[in-house]
């Protein structure tokens, strides 16, 4: 974790009765930690603070960026993944020819791939 900062998440409300406030306090810390974990952000201790008009979570040492993730995805065979037009464009790409800007196939769109020449 290269750079980390403290994070304050605060909710202002009308005055809350103690029972719902206690339930919210029990849930907020877990929900914040789970959300940060799912987002891939490293973090330290999650502390929940409350008053009748405020509900807050103070999270120590939240990473300012996620760790880099390198993935290799294998798709279907080229004859299945590309239609005839895409196959022609792929052959041009392999031969070093410049492709038109509209180049795209279903596989490319599904995987958010960017083709640049």
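No value in this document is a laboratory result; all are computed from the given coordinates. Just so it is clear, the structure is predicted and the values come from calculations on it, not from any experiment. Neighbour counts are summed over all protein chains in view; Cβ atoms, including those assigned to glycine, are modelled from backbone coordinates with ideal geometry.
Computed values, structure above
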{"quantity": "Contour excess over end-to-end distance, with Cα ends at residue 10 and residue 49 and 0.36 nm allotted per residue", "calculated": "13.1 nm"}
{"quantity": "Residue order, fewest to most beta carbons within 10 Å, for 59, 25", "calculated": "25, 59"}
{"quantity": "Extension gain (nm, one decimal) between residue 66 and residue 92, 0.36 nm per residue minus Cα-Cα", "calculated": "5.7 nm"}
